[in-house]
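Here's the structure, in structure tokens; my notes come after.
Nothing in this text is a laboratory measurement; each read-out follows from the coordinates by a stated rule. Here the structure is a predicted model, which means the values were calculated and not measured. Heads up, the Cβs are rebuilt from the backbone with ideal geometry, glycines too, and the neighbour counts pull from every protein chain shown.
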Amino acid sequence: MTLLLDSMILIDHFNGIERATAYLAATQGQAAISVITRAEVLAGFDEAGAIAAQGLLDCYPTLPIEKETADVAAQLRRRYRFRLPDALQAALALRNRLRLVTRNTKDFPPDRHPYVLVPYNI
């Protein structure tokens with residue numbers, strides 16, 4: 001496992017963006033999600049859609065947030081003024097030595113955060 005998928009990548013897939021779907025297929029077995037990603041993705045579905053989405057989400061290991069990760073997130077939030085979910089995502093990636101896969105270059109410019117990977121643009 002080398003990648004932590006941000007919500008945006010999975011949301012793109014569910015919205016029919018082919019580049020996202022291709023990226024997920026190409027990285028099968030290499031990626032995990034966080035409990036934050038799971039919640040953010042599922043929040044965008046009605047009850048019936050959520051059940052279908054859970055099927056895909058269940059294919060990924062889901063990383064919990066522990067107190068050590070929360071402590072790192074607090075440091076990142078103070079330093080970079082991240083919103084809490086973004087700080088927690090970054091902390092999970094850093095603590096688990098994973099690349100954070102996102103299209104959110106506004107909050108995670110890859111030149112400033114070398115652990116960030118932007119797999120495609122739309």
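For the chain, a simple Cβ point-charge model (Lys and Arg +1, Asp and Glu -1, everything else neutral) yields a dipole of about 620 debye relative to the Cα centre. You can think of it this way: the chain between R112 and L57 has 16.9 nm of extra reach, that is 0.36 nm per residue less the Cα-Cα gap. Rounded to the nearest 10 degrees, the angle from helix 67-80 to the longest Cα principal axis of the chain is 70 degrees.
Calculated mean residue ellipticity, 222 nm, the chain: -15500 deg cm²/dmol, from DSSP H runs (n ≥ 4) at -39500 (n - 2.57) each, averaged per residue and rounded to 500.
Gain on full extension, evaluated as 0.36 nm per residue between K67 and T2 minus their Cα-Cα distance, stands at 21.2 nm. Look at the alpha carbon pairs under 8 Å that are at least 6 residues apart: their mean separation over the length of the chain gives a relative contact order of 30 percent. Using the Cβ-Cβ distance between A25 and F45 with R0 = 25 Å, the FRET efficiency computed as 1/(1 + (r/R0)^6) comes to roughly 0.75. Taking 0.36 nm per residue of separation and subtracting the Cα-Cα distance, full extension of the segment from F14 to A74 would add 18.5 nm.
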